[in-house]
Amino acid sequence: MTDLDLSPPLAPQPDAPASALRELAGLLPGRVLLPGNPGWDRARLGWTVSVDQHPIAVVTVHDAEDVVAAVTCAARHGLTVSPQPVGHGATTALTGTVLLRTGSLQELTIDVERRVARVGAGVKWGTLLAALEPTGLLALAGSSPDPSIVGFTLGGGLSWFSRALGMTAHSVVAFDIVDAEGTQRRLSPASDPDLFWAMCGGGGDFGVVLAVEIMLDHVGPIVGGRMLWPLEMARPVLRAFRQITADAPDELTLWAHLFRFPPMPELPELIRGRAFVAVDMTFLGSETEANRLVSRLRQLPAQVIDTVGLVPLSQLGGIAAEPVDPMPTQEYSELLRGLDDATLDRLVDAVGADADVPLTVVQIRHLGGALTRATAEDGPHGAIAEEYSVFCLGVPVAPGLPESIEAAFGEVRTALSEQRSGRTLFNFLGAESDLGSTFSAEARARLRRVKATTDPAGVFRSNRPV
Ligand SMILES: Cc1cc2nc3c(=O)[nH]c(=O)nc-3n(C[C@H](O)[C@H](O)[C@H](O)COP(=O)(O)OP(=O)(O)OC[C@H]3O[C@@H](n4cnc5c(N)ncnc54)[C@H](O)[C@@H]3O)c2cc1C
């Protein structure tokens, strides 16, 4: 089958007819903010405030009827709708669209017997994990409590537990959506196989999700925490990380970090203005076994912090302790086929204690396990054969910093060049990236066919349009 060219309907519409926006404001009184209205400049931005989004309106929806009204009006007038609950995935691709704030859609029910959670489009991971804690059931959450479950899952979702249980999107049982005709529909693998497949990792280009139902897993204890050393220890710590991950059981997940914490008063004194190497971990099993698995790291000298122990589900976000307040960021991420000591040495030369680079975080996540066993039918990501990912973050708060951060990303790319696969997971794409580096040509073609069938007029635009 041939690739379909969808560019005309996806073009931005900066000059939306004033009458269309007036109609929208009349349909949803008090919920539509337009350029020039008080608060506009904050409302138009996402969590990543350095991304200069210029929608034509920001609409706060409170229920399914609001979503239907907004989508129907937009479709009638040729406007494009972009849901954005939180804005971790902010991008200028949303310029010219009607930005739909879905954060108020807070439905949350947990069916313990069926092991299914139903979560509204605005529910964040922290809320679901706290609700799950007394049930003994686990959902495939990532590092931060802050992203919405729907936004995270539509992009595939790389969880702490993906090595054992796969991508979060592969645990979806059903989506409730409003489609391009403004109709409310329930999607399952049986009812809409192609559309369901596309939404299990292909993003929000196909409808407004009202709620998602995800399968939960029984878990015993979760062991987790952070081990931290001065950045000067990066070489031995990264080598031990590589050795442990080389034959780790799927239940063990290790993420290594090189941190340069800014001298901000809100940071704890112990880390403020200092640089560290850290290994964060989770283990689905006993504390004794977890301790045995990471003993090689524990034997290294000069450890500053070791928080590894039993973690209540509600405290999972505390392991990586990522910031939750909106901030400016600049990011680079890529998958790595493998790691060897020579590559790690080059990385330490490029961004270790002796380098002067404006990178707040360089993170290496261990992948593998169930991620390698997925199939092309599970979702557009298919199997992820690469064993590791790298993610770098800089905070561009001063003139000249964006250029030096970009140059530091270049240093990381050069250091890792022998292991880079050229592929980046959907949820880790930078603000201006497209899907060219994420999915195979076959998966991209299938996504475009689904888009052409389900939304031929381009009513919806995701942060990473297919
Ligand atoms: C601190 C931090 C930690 C992170 N950790 C991880 C991690 O461990 N694993 C991982 O996989 N990712 C991670 N991410 C990336 C994150 O999952 C993605 O950026 C995700 O898109 C964020 O969800 P959000 O709710 O903030 O997204 P938003 O930016 O609000 O939305 C992202 C996109 O999702 C789609 N979307 C959202 N809601 C709807 C809806 N109701 N209907 C249709 N489409 C919708 C839209 O296309 C939208 O553009 C992390 C991000 C941050 C900032």
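Quick notes on this one:
- Any hit, the stretch 33-41, residues being modelled with pLDDT of 95 or more and buried (at least 21 other Cβ atoms within 10 Å of the Cβ): yes
- The residues listed here are 102, 168, 95; of these, the one that is within 14 Å of the ligand (Cβ to nearest atom) and modelled with pLDDT under 95 is 95.
- Hits in the stretch 241-272 (condition: in a loop (DSSP other than H, G, I, E, B) and of a type in the set (Gly, Ala, Ser)): 248
- Among residues of the stretch 420-455, those that are part of a loop (DSSP other than H, G, I, E, B) and open to solvent by less than 30 Å² (accessible area, probe 1.4 Å), counted: 7
- Index of the failed condition, residue 385 passing every other in (1) open to solvent by less than 50 Å² (accessible area, probe 1.4 Å); (2) in the same structural domain as residue 339 (by TED's automatic domain parsing): (1)
- Checking each residue in the stretch 348-364 for being out of contact with any Lys or Arg (no Cβ under 9 Å at 6 or more places or on another chain) and open to solvent by 10 Å² or more (accessible area, probe 1.4 Å) picks out 349, 350, 353, 354, 355, 356.
- Considering only residues in the stretch 107-126 that are within 12 Å of the ligand (Cβ to nearest atom) and not in a loop (DSSP other than H, G, I, E, B), the one that is most open to solvent (accessible area, probe 1.4 Å) turns out to be 124.
- The stretch 180-200 - residue that is among the hydrophobic types (A, V, I, L, M, F, W, C) and out of contact with any His (no Cβ under 7 Å at 6 or more places or on another chain) and, of those, surrounded by the most Cβ atoms within 10 Å (Cβ to Cβ): 199
- Identity of the residue in the stretch 127-161, among the polar types (S, T, N, Q) and more than 12 Å from the chain's Cα centre (by Cα), that ends up nearest to the ligand (Cβ to nearest atom): 127
- Taken as a whole, the structure leaves residue 81 outside the set of residues that are in contact with a helix residue (DSSP H, G or I) (Cβ under 6 Å, 6 or more places away or on another chain), away from the ligand (no atom under 14 Å from the Cβ) and at pLDDT 95 or above.
- Selection from the stretch 329-343 of residues that are open to solvent by 30 Å² or more (accessible area, probe 1.4 Å) and within 12 Å of the ligand (Cβ to nearest atom): 331
- Test: residue in the stretch 453-466 that is within 16 Å of the ligand (Cβ to nearest atom) and in contact with a His (Cβ under 7 Å, 6 or more places away or on another chain): no
- Residue 409 vs. criteria within 29 Å of residue 369 (Cα to Cα), in contact (Cβ under 8 Å) with a residue 60 or more places away in the chain, part of a helix (DSSP H, G or I) and not assigned by TED's automatic domain parsing to the domain that holds residue 166: yes
- Inside the stretch 274-290, residues that are touching a residue at least 24 places away in the same chain (Cβ under 8 Å) and of a type in the set (S, T, N, Q) make up a count of 2.
The values are calculated or read from the model by the stated rules, or taken from the named source; none is laboratory data. Owing to the predicted nature of the structure, the values given are computational and were not obtained by experimental measurement. FYI the Cβ positions are ideal-geometry reconstructions off the backbone, even for glycines, and counts take in every protein chain you see. Calculation scope for accessible area: heavy atoms of the full protein, side chains included, ligands and nucleic acids excluded. Shrake-Rupley method; radii C 1.70, N 1.55, O 1.52, S 1.80 Å.
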